[in-house]
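Chemist: Sharing a structure below in structure tokens format, with a few things to ask.
The values are calculated or read from the model by the stated rules, or taken from the named source; none is laboratory data. On a predicted model such as this, the values are computed, not experimentally measured, just so you know. With ideal geometry, Cβ positions are generated from the backbone for all residues, glycine too; neighbour counts draw on all protein chains shown. The accessibility values were calculated without ligands, DNA or RNA, using every heavy atom of the protein model including side chains. Shrake-Rupley method; radii C 1.70, N 1.55, O 1.52, S 1.80 Å.
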Amino acid sequence: MMNAPQAEPFKIKVVEPIKMTTREYRMAAMKEAGYNTYLLKSEDVYIDLLTDSGTSAMSDSQWAGMMLGDEAYAGSRNFFNMEKAVQEVYGFKYVIPTHQGRGAEHILSKCAIRQGDYIPGNMYFPSTRVHQELAGGTFVDIIVDEAHEPDVNHPFKGNVDLSKLEKLIAEVGAKRIPYIHIATCVNMAGGQPISMANLAGLRELCNKYKLRIVLDNTRTVENAYFIKEREPGFQNKSIKEIVREICSHADAVTMSCKKDSLVNIGGFLAMNDEHFYRKAQSLCIIYEGLHTYGGLAGRDMEAVARGIYESVADDFHIAWRIEQVQYLGERLIRAGIPIVLPVGGHGIFIDAKKFLSHVSQDKFPAETLAAALYVESGVRGMESGTVSAGRDKKTGEHKYPKLELLRLAIPRRVYTNSHMNVVADAVIKLYDKRKALKGLKMTFEPEEMRFFHARFENL
Ligand code: PM9
């Protein structure tokens with residue numbers, strides 16, 4: 001175990017008061033929001049664990065950098081700072097800024113996918129899969145089976161099952177696979193890392209079939225921490241070195257800077273291939289903005305540049321971040337709460353199928369749990385289960401995933417372990433009252449990414 005700092009490796013300079021509410025108030029707010037935590041007003045939330053995306057506290061250096069924003073339409077100095085940060089930390093030559101991660105996914109999908117293509121990945125992510133499908137592709141899950149089993153304790157549940165990839169290549173042919181999209185610290189699996197050995201094996205296999213690897217780089221710094229902790233041979237390497245080595249196995253990356261890079265907005269697509277870069281640059285101009293701002297203000301790009309360096313400047317930042325998540329996880333494990341094991345990098349994922357074993361999956365146990373936890377305590381989490389999985393395009397039926405989870409994602413540098421204690425106490429209290437929960441009925445269903453704005457009624 002790395003020497004994690006005993007307390008937060010920062011001190012608090014600015015604070016944001018949070019509103020305390022009563023149970024009656026929260027019951028009314030939840031009803032008004034159609035029992036979907038995404039539809040709550042954030043000011044009605046006490047501890048907000050909806051997402052770790054764009055919710056980080058920026059440092060004084062990042063805020064100071066915001067004042068140095070060069071808001072020129074073209075050639076902003078902040079773009080060059082961001083480009084240099086990506087080149088130095090992640091090791092890619094060409095950088096296209098985007099407003100956030102899905103902007104990069106959109107450009108990549110449009111550039112590379114043709115109708116009828118297959119895009120293998122280590123478990124789906126909603127925005128990534130939607131862009132693949134809109135471009136005419138089909139996502140294929142090639143993650144190891146263990147990733148779909150909440151209580152199987154495996155150190156690298158984000159690993160690719162190489163035999164699943166070989167099987168797909170044999171079935172459809174390498175020509176129908178434009179690239180493999182591999183995530184670090186796989187979100188939908190519970191923030192589970194991929195090992196360096198697995199990445200190296202994947203690279204070898206892809207070289208054999210001349211296939212490209214695109215990395216979803218969103219949580220690579222967190223993944224690097226797990227490699228350092230768990231994979232032999234990495235204990236004496238810095239997080240910065242491990243991050244660089246992870247990226248060396250990829251041809252390109254998509255990135256939501258709203259996670260690892262400690263900013264409230266921003267993303268990029270980066271690669272080494274000049275031809276791909278030129279094509280992506282043109283699409284950036286059409287969909288995002290000029291290729292030296294891509295939908296971001298100059299000040300946002302400066303915050304991204306500084307955030308990228310900060311995320312790997314020393315190993316204490318990431319050690320403290322992950323240890324806080326582990327702290328909450330261990331409190332829940334000790335109380336017998338069913339959560340995804342091992343504890344992942346960016347949050348706790350409660351196994352709603354086990355927590356609410358009396359609520360069938362067509363009554364959305366994870367969404368039910370999210371709504372109930374808010375009413376109980378003012379803590380907001382997010383569903384990652386049947387509602388997020390959507391419907392099968394062919395049969396029109398709900399896709400019932402093996403993982404039906406309530407995610408409690410922890411923003412970076414925002415909450416203390418006192419807040420984590422409040423969260424743990426609330427979950428434990430709710431567990432004792434779980435039999436009173438009956439499930440939800442969907443009353444409004446949007447076509448794409450329905451978890452964001454679906455509405456429900458209490459059963
Ligand atoms: N992740 C999250 O809360 C934002 C909301 S979408 C449910 O976890 C990965 C692995 C992500 C991710 C966003 C994106 C998209 C790509 N890959 O939100 O567009 O976790 O910046 O990034 C969210 P953007």
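Chemist: Pick from MET196, MET188: which is away from the ligand (no atom under 16 Å from the Cβ) and within 22 Å of the chain's Cα centre (by Cα)?
Modeler: Numbers: MET188 fails: away from the ligand (no atom under 16 Å from the Cβ).
Sole residue among the options that is away from the ligand (no atom under 16 Å from the Cβ) and within 22 Å of the chain's Cα centre (by Cα): MET196.
Chemist: Name the single residue that is most open to solvent (accessible area, probe 1.4 Å) among those in region 187-210 being assigned to a loop (DSSP other than H, G, I, E, B) and not polar (S, T, N, Q). I'd like the intermediate steps shown before the answer.
Modeler: Narrowing region 187-210 to residues assigned to a loop (DSSP other than H, G, I, E, B): 187-191, 193-195, 210.
So of that shortlist, the ones also not polar (S, T, N, Q) come out as 188-191, 193-194, 210.
On the way: MET188: 18, ALA189: 0, GLY190: 2, GLY191: 0, PRO193: 1, ILE194: 1, LYS210: 181 Å².
Going through the qualifying residues, I end up with LYS210.
Chemist: Cβ-Cβ below 6 Å, separation at least six or inter-chain, first residue in region 27-46 and over 21 Å from SER384 (Cβ atoms), second open to solvent by less than 30 Å² (accessible area, probe 1.4 Å) and of a type in the set (Asp, Glu): which pairs?
Modeler: Sorted first by the residue in region 27-46, then by its partner, the pairs are ALA29/ASP44.
Chemist: If we keep just the residues of region 129-138 that are buried (at least 19 other Cβ atoms within 10 Å of the Cβ) and under 20 Å from LYS164 (Cα atoms), which is nearest to the ligand (Cβ to nearest atom)? Please lay out each step first, then the result.
Modeler: As a first pass, look at region 129-138 and keep what is buried (at least 19 other Cβ atoms within 10 Å of the Cβ): 129-132, 135, 137.
Right, trim to under 20 Å from LYS164 (Cα atoms) and you get 129, 132, 137.
Numbers: ARG129: 10, GLN132: 12, GLY137: 16 Å.
Here the residue is ARG129.
Chemist: Residues to consider are GLY54, GLY34, GLY69, GLY75; find the one that is part of a loop (DSSP other than H, G, I, E, B) and touching a His at 6+ places or on another chain (Cβ under 9 Å).
Modeler: Just one listed residue meets the conditions, GLY34.
Chemist: Continuing with this model, one more query. Quick check on my filter: what residues within region 111-128 are open to solvent by less than 30 Å² (accessible area, probe 1.4 Å) and in a loop (DSSP other than H, G, I, E, B)? Give the steps one after another, and end with the answer.
Modeler: The initial filter retains those residues of region 111-128 that are open to solvent by less than 30 Å² (accessible area, probe 1.4 Å), namely 111-113, 117, 119-123, 126-128.
The answer is ILE113, ASP117, ASN122, MET123.
Chemist: Sticking with this structure for a sec: Condition first: in contact (Cβ under 8 Å) with a residue 40 or more places away in the chain, open to solvent by 10 Å² or more (accessible area, probe 1.4 Å) and in contact with a Phe, Trp or Tyr (Cβ under 6 Å, 6 or more places away or on another chain). Now tell me which residues in region 170-186 satisfy that. Full working, then the answer.
Modeler: Quick first cut of region 170-186, residues in contact (Cβ under 8 Å) with a residue 40 or more places away in the chain only: 172, 176-186.
Adding the requirement that they be open to solvent by 10 Å² or more (accessible area, probe 1.4 Å) leaves 172, 176, 178, 181, 183.
Listed by number, the residues that qualify are VAL172, ARG176.
Chemist: Does VAL414 count as modelled with pLDDT of 95 or more, surrounded by fewer than 22 Cβ atoms within 10 Å (Cβ to Cβ) and within 16 Å of the ligand (Cβ to nearest atom)? Show your work before the answer.
Modeler: Details: modelled with pLDDT of 95 or more: yes; surrounded by fewer than 22 Cβ atoms within 10 Å (Cβ to Cβ): yes; within 16 Å of the ligand (Cβ to nearest atom): yes.
For VAL414, the condition - modelled with pLDDT of 95 or more, surrounded by fewer than 22 Cβ atoms within 10 Å (Cβ to Cβ) and within 16 Å of the ligand (Cβ to nearest atom) - is met.
Chemist: So, one more: So which residues in region 288-336 are surrounded by fewer than 16 Cβ atoms within 10 Å (Cβ to Cβ) and either outside any helix (DSSP H, G or I) or in contact with a His (Cβ under 6 Å, 6 or more places away or on another chain) (or both)?
Modeler: Listed by number, the residues that qualify are ASP314, ALA335, GLY336.
Chemist: Restricting to region 234-261, name every residue that is over 17 Å from ILE318 (Cβ atoms) and open to solvent by 60 Å² or more (accessible area, probe 1.4 Å).
Modeler: SER248
Chemist: Restricting to region 12-69, what's the tally of residues that are polar (S, T, N, Q), within 24 Å of MET82 (Cα to Cα) and surrounded by fewer than 16 Cβ atoms within 10 Å (Cβ to Cβ)?
Modeler: 1
Chemist: Okay, moving on. Do any helices (runs of 4 or more DSSP H) lying entirely in region 360-455 carry at least 2 residues that are out of contact with any strand residue (DSSP E or B) (no Cβ under 7 Å at 6 or more places or on another chain) and free of Cβ contacts under 8 Å to residues at least 40 places away in the same chain, and which ones are they?
Modeler: Details: elements: 365-377, 386-389, 417-432.
Of the helices (runs of 4 or more DSSP H) lying wholly inside region 360-455, those with at least 2 residues that are out of contact with any strand residue (DSSP E or B) (no Cβ under 7 Å at 6 or more places or on another chain) and free of Cβ contacts under 8 Å to residues at least 40 places away in the same chain span 417-432.
Chemist: Check off (1) over 23 Å from the mean Cα position of the chain (by Cα); (2) in contact (Cβ under 8 Å) with a residue 40 or more places away in the chain; (3) open to solvent by 10 Å² or more (accessible area, probe 1.4 Å); (4) under 25 Å from PHE276 (Cβ atoms) for LYS164 and give me the number that stays unchecked.
Modeler: With (1) over 23 Å from the mean Cα position of the chain (by Cα); (2) in contact (Cβ under 8 Å) with a residue 40 or more places away in the chain; (3) open to solvent by 10 Å² or more (accessible area, probe 1.4 Å); (4) under 25 Å from PHE276 (Cβ atoms) applied to LYS164, the lone miss is (4).
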